[in-house]
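The values are calculated or read from the model by the stated rules, or taken from the named source; none is laboratory data. This structure is a prediction, so every number in the text was calculated from the model and none was measured. Here the Cβ is made from the backbone with ideal geometry for all residues, glycine too, and neighbour counts use every protein chain on show.
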Amino acid sequence: MITGANSGLGKEAARQLALINNTEKIYLACRNMEKAKAAKAELIEETGRDIFEIIIMDVSDPGSVKNALKNLEEPVDALIMNAGGMGGKKPAEITGDGVTLLFASNMLGHVVLLESLLKDGKLNNVAMYAGSEGARGVPAMSMPRPELNGSSEDDFASIFDGTRFEEGFDQMIAYGYVKYGAAMWMASLARKYPKIRFVTMSPGFTKGTEAMGNLPPMKKFMFKYIMLPIVAPLRGMVHKLEVGAKRYVDAINDTSYESGVFYASKENTLTGPVVDQSTIFSDLKNERFQDNAYKAVHRFVSI
Ligand SMILES: NC(=O)c1ccc[n+]([C@@H]2O[C@H](COP(=O)([O-])OP(=O)(O)OC[C@H]3O[C@@H](n4cnc5c(N)ncnc54)[C@H](OP(=O)(O)O)[C@@H]3O)[C@@H](O)[C@H]2O)c1
């Protein structure tokens, strides 16, 4: 099952997985039926395999995720939590669950999705979360390393409900903090469920997706017309869609990617081989911090 499978990395991962013979079925978990149908038709055409099933789910809305799961009869072998990104046009808006839309679309619904599957015994092997190098900081993109005074439960809650950014919400900075919280939640789950593999994998800086579409006009211009096509390729900092999505496929199929680890590009780069990010940012392996992220997210949702 892949969330956000109608475009960008999610759709390309679906394409690559369908080309593996023993993939029996792929659930395209999307929020928009029209877009999902268009993606499904393209995927069938490109792969020659009619193995895709649409599930309608808005991952910013726990109720929508719970409804979608009611119709899931069989367990899934692998879950790819890819939906999200920059949080749409109003990332700082507070949802009915008391969190920012940025957090809700990247993490809250995924918490409901993954933990419901686990609770119901409907996940057989592996869960992968789409992380980001922003979670350990990308100075070249003005994304500082998340700085939390002890990564307490309150610290994480302040990221999720946006109060941490009250003095000025910068979408890119808040995004890095949310992805940090998600990697920590995954690591905490890895210790709770030793029979399942939990991998946070960043796709790396990837061209050919819609990710920058909703940034404010100046940032969008900077990324779309300067950073992605000119600066990043010159510095070898960006790769093709196929390469970014291949990281997802490797994460679920290659069992040498260890449970509880957040993998992303090496320090000071956004592409190339992936490494355990705790070798760059040691907070990532602090089990108390990880459990604080888990507890903080459960202040906003019950499974
Ligand atoms: N591209 C990069 O360089 C990069 C780098 C690091 C991490 N990532 C991560 O990779 C993931 C995929 O991003 P992408 O670059 O492929 O961007 P994308 O092309 O914009 O794809 C995002 C997908 O998520 C879906 N989505 C967003 N909010 C949703 C919601 N509330 N419910 C259900 N689906 C939702 C979108 O659906 P709609 O079409 O309906 O909007 C779309 O299918 C994201 O988690 C992003 O943070 C990307």
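Quick notes
- Breaking point among (1) more than 19 Å from the chain's Cα centre (by Cα); (2) modelled with pLDDT of 95 or more; (3) under 17 Å from Pro144 (Cβ atoms), for Ala174: (1)
- The set of residues from segment 103-158 being on the phi > 0 side of the Ramachandran plot and either of a type in the set (Asp, Glu) or away from the ligand (no atom under 15 Å from the Cβ) (or both) comprises Gly121, Ser142, Gly150, Ser151.
- So Tyr257, is it modelled with pLDDT of 80 or more, outside any loop (DSSP other than H, G, I, E, B) and either within 13 Å of the ligand (Cβ to nearest atom) or at negative phi (or both): no
- Residues in segment 196-213 that are near the ligand (Cβ under 8 Å from one of its atoms) and hydroxyl-bearing (Ser, Thr, Tyr) were compared, and the one that is surrounded by the fewest Cβ atoms within 10 Å (Cβ to Cβ) is Thr209.
- Residues of segment 138-173 that turn out to be closer than 30 Å to Thr271 by Cβ and part of a helix (DSSP H, G or I), as a count: 11
- Filter result for Gly162 (within 13 Å of the ligand (Cβ to nearest atom) and either of a type in the set (A, V, I, L, M) or touching a residue at least 60 places away in the same chain (Cβ under 8 Å) (or both)): no
- Test: residue in segment 65-75 that is under 27 Å from Ile303 (Cα atoms), part of a helix (DSSP H, G or I), without any contact (Cβ under 8 Å) to a residue 12 or more places away in the chain and more than 10 Å from the ligand (Cβ to nearest atom): yes
- Scanning segment 188-218 for residues that are among the hydroxyl-bearing types (Ser, Thr, Tyr) and not in a loop (DSSP other than H, G, I, E, B) yields Ser188, Thr200, Thr206.
- Selection from segment 277-302 of residues that are surrounded by fewer than 15 Cβ atoms within 10 Å (Cβ to Cβ) and either closer than 11 Å to Arg136 by Cα or among the aliphatic types (A, V, I, L, M) (or both): Thr279, Ser282
- Options Ala41, Ala14; residue that is within 16 Å of the ligand (Cβ to nearest atom), outside any strand (DSSP E or B) and touching a residue at least 24 places away in the same chain (Cβ under 8 Å): Ala14
- Within this structure, Lys219 passes the test of being under 27 Å from Lys11 (Cβ atoms), modelled with pLDDT under 95 and among the basic types (Lys, Arg).
- Of the residues examined, Glu34 is one that is loosely packed, with under 14 Cβ neighbours inside 10 Å, assigned to a helix (DSSP H, G or I) and within 15 Å of the ligand (Cβ to nearest atom).
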